Amino acid sequence: MPDGLLDEEADDLVGAERHGRTADREAGRAGHYERRLTTTSGEVTIRMPKPEGMRFTTAIIERYRRRETSVEEAMIEMYLAGVSTRRIEDVSEILWGSSVSAAAVSNLSEKAFASVEEWRNRPLDRAYPYACVDGIYLKRSWGGPYENVAVMVAMGVNDDYREVIGAAKGFTESAECWREFLSWLKSRGLRGVRMLVADKAAGIVGSIAEAFPGAAYQRCTVHFYRSVLARVPKSKRPGVAAMLKAINAMESRGASEAKALEVADELEKSKLGEAARVVREGYEETLTYTRFPREHWRRIRTNNAIERLNREIRRCARVVGTFPDGRSALMLVTARLRYVAESE
């Protein structure tokens, strides 16, 4: 960064150039002092003007700042992506020739977490006729033993686009956790929901009925396929998968129902009675989407959009390994969701 720009600012502040004599002069100049700044190009030394009789402030470099803003943003992104503080110290030494203490990374992360928490609790100012919900389990260390912490994610869908609308933690994907999660979304302004898409997790159907009495429940068709295929020998899965997809390729609900019963009969003939039972008992709740406009069907019969987010979350969580508590897991998930949402 050119030292000349700082000298020009000092001249304007003092009211005269160096060694100049004017009636408007408000202070003197007492030389310079050196200050180090870590930038994306490495560590540089800057000669800062030293006015006499007043404090020098500059719009170019904030007071007491030791790192360029882009460097701090890069460190925060590394931390939120799951890179350990020790690793960030090593990376900063390699990239910028200046190590950053673990305490500095933690301080920056606290600022980032405040921003992430504000985004997580933002008011929902749009109506979403459809919403997808799903949960993901991450590992945490709670006083020694390792336990699972569930992070529940919701995505709103309207005519224009999909949007992540919420993330919250729970000990398990229990009926109580789902009820609290859906009530929290509602308290933030979620409205106009006509259908919720979810896996058949414990208590999810009853929780939907309590939080959104007028909303229908759609079981994710992909999760339904997985339940059926789990009861099919590996060698026969490709053929059975094609049969299941044919159910949802029909032009109407009636045709889909007839196809589902036909698939169940075929499975029984192939001596796959358990898979046939799952199809007969579960196909109806996977066809709820057929009540809505046909042009929406492909977007609302699965929660594949959340599944893709979950894969990204697992990738980041794999770097961390085990979280110290549920809050840190939630913050990492939410930060990643925010990054993905703002990158689209």
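Throughout, read-outs are computed from the coordinates displayed, never taken from laboratory work. Everything numeric in this text was worked out from a predicted model, so none of it was measured. Note that each Cβ is placed from the backbone with ideal geometry, even for glycine, and that neighbours are counted across all protein chains shown.
Annotations for the structure displayed:
- Ordering of 115-127, 218-230, 296-308 by packing is 218-230, 296-308, 115-127, highest average first (other Cβ atoms within 10 Å, averaged per residue).
- FRET efficiency for VAL340 and GLU268, using Cβ-Cβ distance with R0 set to 45 Å, rounded to 0.05: 0.55
- Under 18 Å from a label point set 7 Å out along the Cα-to-Cβ vector of VAL205, the amide N atoms of the range 216-239 belong to 216-228.
- Residue-by-residue Karplus 3J(HN,Hα) for the range 152-162, coefficients 6.51, -1.76, 1.60, Hz, glycine and proline x: 9, 10, 10, 10, x, 10, 10, 5, 8, 6, 9
- Summing charges over neighbours of SER183, with a neighbour being any other residue whose Cβ is under 14 Å away from its Cβ, gives +1 when K and R count +1 and D and E count -1.
- Of LYS234/LYS259; LYS139/LYS245; LYS139/LYS200; LYS200/LYS234; LYS111/LYS169, those spanning more than 27 Å from alpha-carbon to alpha-carbon: LYS139/LYS245
- Charge tally in the Cβ shell below 10 Å around ALA167, where Lys, Arg are +1 and Asp, Glu are -1, ALA167 excluded: +4
- Under-5 Å amide H pairs with ALA216, H placed in peptide plane, nonlocal only: MET195, LEU196
- Rounded to 5, percent antiparallel among DSSP beta bridges of the range 130-327: 70
- Positive minus negative residues near ALA249 (Lys, Arg vs Asp, Glu; Cβ under 14 Å): +3
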